[in-house]
Amino acid sequence: MSFRLHTLPTLNGVLRPGCRELLCLLVITVTVSQGVSGVCPTACICATDIVSCTNKNLSKVPGNLFRLIKRLDLSYNRIGLLDSEWIPVSFVKLNTLIIRHNDITSISSGSFSTTPNLKCLDLSSNKLKTVKNAVFQELKVLEVLLLYNNHISYLDPSAFGGLSQLQKLYLSGNFLTQFPMDLYVGRFKLPELMFLDVSYNRIPSIPMHHINLVPGKQLRGIYLHGNPFVCDCSLYSLLIFWYRRHFSSVMDFKNDYTCRLWSDSRHSHQLLLLQENFMNCSDSVINSSFRAFGFIHEAQVGERLIVNCDSKTGNGNTDFVWVGPDNRLLEPDKEMENFHVFYNGSLVIESPRFEDAGVYSCIAMNRQRLLNETVDVTIHVSNFTANRPHAHEAFNTAFTTLAACVASIVLVLLYLYLTPCPCKCKAKRRKNTLNQSNAHSSILSPGPASDASTDERKAGKRVVFLEPMKDTAAGQNGKVRLLPSETVIAEGILKSTRVKSDSDSVNSVFSDTPFVAST
């Protein structure tokens, strides 16, 4: 193979490259390549794309490191503050950064802007007290974050905001007093978080009303052992539920789940949580927790029931198979009586019967056969219609009582506010008209004789009834017009009354009330 140098045209003619020009070109190439590749500092140990600078009294990352490294270990140094300048150059291919056993007390925003492709970050065994909001927001592809053995007592709800790919979070050995529920619910939840270690903190209780909102595939990765729990039947039922489902977080650390039972304000003793007959907790409390988590289902005879397979392996590459109480195999696309299994793992019982009750096992296995899981679900079948006659009787009794009360109220209202029948009124008016045509006043009659005491001597009073004329003349101002003969009688009565006593006088002459006069 021959190699020919061609002449390069210039303004002054032709330039032929010589040894001096080739030497300059070689020096420039070496200089540029050194700037890209960097060198291995004397304080570090380099192996291709792995650099270890441990225990070298460093306070920041050396600036002349190889820019394309993938793993950097800065353990056992004196790095105290992580800010935007602690890594002076950009490491675009760095995926593992280890900074454990330093003196880090604070993390500022922008501290990891030069390492955007980190997948594993180890900040364990430092002196962090709080984790502020969005300090890891540049790490969009971070999968593992280690913060154990620090002094963390507070986590901002948005501390891990933006870590959409985070799968493992280690917070063991800190001073946390509350379970970090914001990691699973709310605006900043981490949907891919499958492992959370909050063991050996200072958490006294678990938010039971929120923990049942955590999906099953995330629930099995929560490690709570070593916390100073307060003895409680709800907590016991939660851990028993995990234990029966063979969660490794409980199975592997069974003896590390303890609680304190206070005998008084000063004295307490420690109990193992996972023991038989713990605090005599009733089965109803335990079963209610199982129902809340969806592993005990109540079915009614003849009513359709859908049961989901809550498995951590549930995704598009997972096959599901159900096994019935009688060891029948229930598979998708295989109709067996009233059972049907969908490809997403849901089991449908179209018309449950009493003999369908029992424990059903869902077997989930990914198609690579790398991971499989069995989930047990208990189904109870009851017949609500058996007690329906009694229910109807109770309903009929209540309805009858209510109807009687309403009818009584209506009758009372009618009695109080409804006017009398107009027919009777007309008959009474006709009778009064006939009486008025015969006489316009009643006859004065003496009262019945009485030989009672002197207080009753007034029984000799006379009574007169004065009735108004039917056609009263205008301008009488409401007074009753008397006939000539009646006027004389009335005046005699009034005179005798005034002579007898003023106390026996009549209040009103022209009224419809009885007029009483002494004899």
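The values are calculated or read from the model by the stated rules, or taken from the named source; none is laboratory data. Here the structure is a predicted model, which is why all the values come from computation and not from measurement. FYI the Cβ positions are ideal-geometry reconstructions off the backbone, even for glycines, and counts take in every protein chain you see. We work out accessible area using only protein heavy atoms, side chains counted, and drop any ligands, DNA or RNA first. Shrake-Rupley method; radii C 1.70, N 1.55, O 1.52, S 1.80 Å.
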May I ask you to verify whether M194 is at pLDDT 90 or above and either more than 30 Å from K129 (Cα to Cα) or in contact with a Cys (Cβ under 8 Å, 6 or more places away or on another chain) (or both)?
-> no
Working carefully through the options N280, N255, N287, find the one that is modelled with pLDDT under 85 and loosely packed, with under 14 Cβ neighbours inside 10 Å.
-> N280
By residue number, the members of the stretch 321-357 that are open to solvent by 10 Å² or more (accessible area, probe 1.4 Å), part of a strand (DSSP E or B) and at pLDDT 80 or above are V321, V323, L329, H340
With the first residue restricted to the stretch 206-226 and required to be over 13 Å from F241 (Cβ atoms), and the second required to be in a helix (DSSP H, G or I) and open to solvent by 30 Å² or more (accessible area, probe 1.4 Å), Cβ contacts under 6 Å at 6 or more apart or on different chains are H225/D256; G226/D256
Counting only residues that are over 25 Å from the mean Cα position of the chain (by Cα), give me the helices (runs of 4 or more DSSP H) lying completely in the stretch 166-280 with at least 2 of them.
-> 233-244, 248-251
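Residue-by-condition table, conditions (1) touching a Lys or Arg at 6+ places or on another chain (Cβ under 9 Å); (2) touching a residue at least 24 places away in the same chain (Cβ under 8 Å); (3) surrounded by 15 or more Cβ atoms within 10 Å (Cβ to Cβ):
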position: T96; (1), (2), (3): yes, yes, yes
position: S109; (1), (2), (3): yes, yes, yes
position: K119; (1), (2), (3): no, yes, yes
position: K127; (1), (2), (3): no, yes, no
position: V135; (1), (2), (3): no, yes, yes
position: Y148; (1), (2), (3): no, yes, yes
From L239, L213, grab the single residue that is in contact with a Phe, Trp or Tyr (Cβ under 8 Å, 6 or more places away or on another chain) and either open to solvent by less than 10 Å² (accessible area, probe 1.4 Å) or closer than 24 Å to Q137 by Cβ (or both).
-> L239
Residue match in the stretch 360-382 (condition: in a helix (DSSP H, G or I) and either modelled with pLDDT under 80 or surrounded by fewer than 10 Cβ atoms within 10 Å (Cβ to Cβ) (or both)) | no
Any idea which residue in the stretch 193-205 is surrounded by the fewest Cβ atoms within 10 Å (Cβ to Cβ), counting only those that are without any contact (Cβ under 8 Å) to a residue 40 or more places away in the chain and not aliphatic (A, V, I, L, M)?
-> R202
Can you tell me which residues in the stretch 163-204 are of a type outside the set (A, V, I, L, M, F, W, C), touching a helix residue (DSSP H, G or I) at 6+ places or on another chain (Cβ under 7 Å) and under 24 Å from I240 (Cα atoms)?
-> Y184
With respect to L219, determine if the residue is surrounded by 20 or more Cβ atoms within 10 Å (Cβ to Cβ) and closer than 29 Å to K127 by Cβ.
-> no
Could you tell me which numbered condition S249 fails, if it satisfies all but one of (1) under 21 Å from L193 (Cα atoms); (2) out of contact with any strand residue (DSSP E or B) (no Cβ under 7 Å at 6 or more places or on another chain); (3) of a type in the set (S, T, N, Q)?
-> (2)
Going by the conditions given, is S234 more than 21 Å from L193 (Cα to Cα) and of a type in the set (G, A, S)?
-> yes
Which one of V214, V185, V198 is in contact with a His (Cβ under 7 Å, 6 or more places away or on another chain) and of a type in the set (V, I, T)?
-> V185
